[in-house]
Amino acid sequence: MNDLNERPLAGLWVLDFSQFLSGPCASLRLADLGARVTKIEKPDGDDCRKIYLSDCELAGESTLFHAINRDKESVCIDLHTDAGLAQIHQLIRQADIVISNFRPGVMARLGLEKTQLRKRYPHLIVAEISGYGSAGPWSKRPGQDLLLQAVSGLCYLSGNKDDGPVPMGVPVADIYTGQQLVQGILAAVFEREFTGHGSLVEISMLEAMMDFQFEPLTILLNDKAQTIERAGNHGAHALVAGAYGLYQTADGWLALSMGPVAQLAELLSCPALPDYTDPALAFRERDAIKAILGGHLTQQSTQHWLAILEPADIWCAEVLDWPALVEHEGFTALNMLQTLPLGERHITTSRCPIRMDGDFFWGQKAAPVLGRDSQRILADSSEKNV
């Protein structure tokens, strides 16, 4: 879907004060779906332009910045000045949504306190991400991804029991919180169609991470006898019994998902497994089952085992690295990558994963040069506020 005016959120204007990752992830998805997104940046720009992954640059700025800020405008305003604050209010009068992801109190010190914004602009949807909420002993802590993974318990769900805490290799707290904020914003947009009034949408990264872990958390809260403990070897999911995990083969790695131990014992011709085919042992003897499989599967190649398991409808897959994945026909069939012009160069990145009526939401332009749209947008807003 290349025509921005035909996208479902066309006509919505988002002022995005957020930096780094969680807030920009949310505004990126809104931009993908057709909203006009204007980044409000301090004179030296979003810190993500230079600091975050600063050793990986494209056109002089962080490659990550380019990845999460495509199809946005950039306006530089010094919010610490009266003139800058006046310019911001010119824009807010016409905007639909304001997004921020600072620590509690920062927007208020800038003269943009959330309840005052809602009172002054009844139509406005004010959307805010914090690290730990606006109250409580952690509220002033920095809402940084690794720190949220650490305190939320997530690091004790990946890896093996004796590995110590293992963080996820992607900023899951940032990304998941951003997507949750999008859900709240879209609900507020829908509500405004009926009431004519905006809303205050708030989410903390800690709340998002607890929601992300609702499955083990609910078990822990309701079954005091059940421990949430990772497997001793080949760990993949702390709550799943039997063979579930990743296993080294003679030439790579194999992922085994659901499959009765008795069936695996027969299909794989594994002589030690029949001792564990009683379903009652699948969880209690999880480590022993995995250790046996771990030793057995190294005897043949990944493709050898796949040729046996897949026809029997055992859920399994080759473990791919990124170079192998992007060359695989299973991935290329999705048409998941897009290339956007970037000055004399270009950037290749992922597209929006959503389809509507069979259409993709393709990007139109790379992330904006700092302040690229300041003069045009501020002049236009000044004329409309006369």
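The values are calculated or read from the model by the stated rules, or taken from the named source; none is laboratory data. If you're wondering where the values come from, they're calculated on a predicted model, not measured in any experiment. Glycine also receives a Cβ, built like all others from the backbone with ideal geometry; neighbour counts cover every protein chain displayed.
List of remarks:
- Test: residue in the stretch 321-331 that is surrounded by 15 or more Cβ atoms within 10 Å (Cβ to Cβ), among the hydrophobic types (A, V, I, L, M, F, W, C) and in contact (Cβ under 8 Å) with a residue 40 or more places away in the chain: no
- Flag: Gly143 does not match the condition of being exposed (fewer than 13 other Cβ atoms within 10 Å of the Cβ) and not in a helix (DSSP H, G or I).
- The single residue among Leu117, Leu91, Leu85, Leu148 that is within 20 Å of the chain's Cα centre (by Cα) and in a helix (DSSP H, G or I) turns out to be Leu148.
- Which numbered condition Arg70 misses (of (1) surrounded by fewer than 19 Cβ atoms within 10 Å (Cβ to Cβ); (2) outside any helix (DSSP H, G or I)): (1)
- When Leu157, Leu124 are checked against the criterion of being in contact with a Lys or Arg (Cβ under 8 Å, 6 or more places away or on another chain) and more than 25 Å from Lys39 (Cα to Cα), Leu157 stands alone in meeting it.
- Flag if Ala35 is surrounded by 16 or more Cβ atoms within 10 Å (Cβ to Cβ) and either of a type in the set (D, E, K, R) or closer than 24 Å to Glu202 by Cβ (or both): yes
- Looking only at residues of the stretch 176-207 that are among the small types (Gly, Ala, Ser) and more than 22 Å from Leu154 (Cα to Cα), we find that the one that is surrounded by the most Cβ atoms within 10 Å (Cβ to Cβ) is Gly198.
- The stretch 46-94: number of residues that are in contact (Cβ under 8 Å) with a residue 60 or more places away in the chain, touching a helix residue (DSSP H, G or I) at 6+ places or on another chain (Cβ under 9 Å) and among the hydroxyl-bearing types (Ser, Thr, Tyr): 1
- Residue count for the stretch 93-118, restricted to those that are touching a Phe, Trp or Tyr at 6+ places or on another chain (Cβ under 8 Å) and closer than 19 Å to Val182 by Cα: 8
- Number of positions in the stretch 254-287 that are among the charged types (D, E, K, R), assigned to a loop (DSSP other than H, G, I, E, B) and in contact with a Phe, Trp or Tyr (Cβ under 9 Å, 6 or more places away or on another chain): 1
- Within the stretch 86-116, restricting attention to residues that are surrounded by fewer than 16 Cβ atoms within 10 Å (Cβ to Cβ) and hydrophobic (A, V, I, L, M, F, W, C), the residue that is farthest from Met205 (Cα to Cα) is Ala86.
- Within the stretch 162-175, considering residues that are of a type in the set (A, V, I, L, M) and out of contact with any Ser or Thr (no Cβ under 9 Å at 6 or more places or on another chain), the one surrounded by the most Cβ atoms within 10 Å (Cβ to Cβ): Val172
- Residue identified as at pLDDT 95 or above and surrounded by fewer than 16 Cβ atoms within 10 Å (Cβ to Cβ) among Asp82, Asp55: Asp82
- Residues that are of a type in the set (S, T, N, Q) and surrounded by 15 or more Cβ atoms within 10 Å (Cβ to Cβ), drawn from the stretch 130-140: Ser130, Ser139
- Close pairs from the stretch 359-383: first closer than 11 Å to Val75 by Cα, partner assigned to a loop (DSSP other than H, G, I, E, B), Cβ under 6 Å, at least 6 apart: Leu370/Gly45
- Of all residues in the stretch 224-253, those satisfying the criterion of being in contact with a Gly (Cβ under 7 Å, 6 or more places away or on another chain) and assigned to a loop (DSSP other than H, G, I, E, B) are Arg230, Ala231, Asn233, His234, Gly235, Ala236, Ala243.
- Search result, residues across the stretch 265-299 that are surrounded by 15 or more Cβ atoms within 10 Å (Cβ to Cβ) and touching a strand residue (DSSP E or B) at 6+ places or on another chain (Cβ under 8 Å): Lys290, Leu293, Gly294, Leu297
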